[in-house]
1. Do you know which of the residues in the stretch 245-267 that are over 19 Å from Pro203 (Cα atoms) and of a type in the set (Val, Ile, Thr) is surrounded by the most Cβ atoms within 10 Å (Cβ to Cβ)?
2. Provide a single number: the residues in the stretch 197-221 that are within 17 Å of Val240 (Cβ to Cβ) and exposed (fewer than 12 other Cβ atoms within 10 Å of the Cβ).
3. Working carefully through the options Gly26, Gly86, find the one that is modelled with pLDDT of 95 or more and on the phi > 0 side of the Ramachandran plot.
4. Out of curiosity, is Lys267 in a helix (DSSP H, G or I), under 30 Å from Thr42 (Cβ atoms) and under 22 Å from the mean Cα position of the chain (by Cα)?
5. So which residues in the stretch 107-139 are at pLDDT 95 or above and in contact with a Phe, Trp or Tyr (Cβ under 6 Å, 6 or more places away or on another chain), if there are any at all?
6. Within the stretch 228-255, which residues are in a helix (DSSP H, G or I) and closer than 16 Å to Ala175 by Cα?
7. Checking Arg3 against (1) surrounded by 23 or more Cβ atoms within 10 Å (Cβ to Cβ); (2) within 29 Å of Ala227 (Cβ to Cβ); (3) at pLDDT below 50: exactly one of these is not met. Which one?
Amino acid sequence: MNRLTSCLLVAIAITGCGGQSTDSSGGGGTTQSQPLCDGSETLRFVLYSGGGYVEQEYGFTNPYGYSLLAITGQCEAYVSQSYMMGVRHLTLTKERAETVAQEVRRASIAAWSSHQDMSCPDAGGNFISDGQSLASCSCGCDPDAPAGLSDALEKAYQWHDTLWAEGSPLTGPVAVAAAPDSSPAPGVTAVPWSLSWPITDLPTPNTSAGKVVTDTADLATLRQLRADAALSSLSYVPVVDGEQYRLYVRDELPTELATKLDVLLGK
């Protein structure tokens, strides 16, 4: 389904990359932007989608939504499209980052941020940001939405998909949580818990917190369990350790990046 016709769209953008640019599209007149790749560690462009009617474990599994594209002033891009598939990373050239900034109309995001779209019941959101201002649409952009906003959202998702396909999986820490599986799905076979520490040590996925795992061997095991479960289209790993559990394994973003996203998204 085209994301722009899904129930809620919200835009978050990044600062342009590769020289100062001018964009006069969309209500609010001309806005100037500094290069996206300005050498800083700040967030320069963000695409985020999430919220709406969600499962109980959503706060843990998807702290930054269902889809995320975050680009810093170092031209470091972090991309996710499903927590079960992890997070991918790549470094853009300044020239390519400038193309991203232009196509997502980053320079217009501040002007667009004053637009208030009508919301949809139980709908999620899609956002683009320049690292400071946010722009959004709900259930597709309203007729009175600023010119160019809908196209910018569409371009942002195209770049999200392109960069996801090109990125390399993160290999750093993961956060894990687990809860007893009171209603095992028919036909799903739980795998034996094989790590050295008991699964009962893990917190439940009712908050964004989890047990952070850094051991290399444990990371390899947990990521493989997640990959195997994803092949079966599961949103958790079915494991058994005396009783059956649902295990949730989430890639951790670099701490500094996660902190900046928390501030931007008001967490």
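The values are calculated or read from the model by the stated rules, or taken from the named source; none is laboratory data. This structure is a prediction, so every number in the text was calculated from the model and none was measured. Note: ideal-geometry Cβ built from the backbone for every residue, glycine included; neighbour counts use all protein chains shown.
1. Thr259
2. Here is the first cut: in the stretch 197-221, the ones within 17 Å of Val240 (Cβ to Cβ) are 197-202, 221.
Cutting the leftovers down to exposed (fewer than 12 other Cβ atoms within 10 Å of the Cβ) gives us 198, 201.
Count: 2.
3. On the way: Gly26 fails: modelled with pLDDT of 95 or more.
When all the criteria are applied, what remains is Gly86.
4. Numbers: in a helix (DSSP H, G or I): no; under 30 Å from Thr42 (Cβ atoms): yes; under 22 Å from the mean Cα position of the chain (by Cα): yes.
So Lys267 fails the test.
5. Within the stretch 107-139, none qualify.
6. Filtering the stretch 228-255 down to residues in a helix (DSSP H, G or I) leaves 228-231, 255.
Thr255, the sole residue that qualifies.
7. So Arg3 meets the others, but not (1).
Residue-by-condition table, conditions (1) in a strand (DSSP E or B); (2) in contact with a strand residue (DSSP E or B) (Cβ under 9 Å, 6 or more places away or on another chain); (3) charged (D, E, K, R):
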| site | (1), (2), (3) |
| --- | --- |
| Ala175 | yes, yes, no |
| Pro186 | no, no, no |
| Pro203 | no, yes, no |
| Val212 | yes, yes, no |
| Arg226 | no, yes, yes |
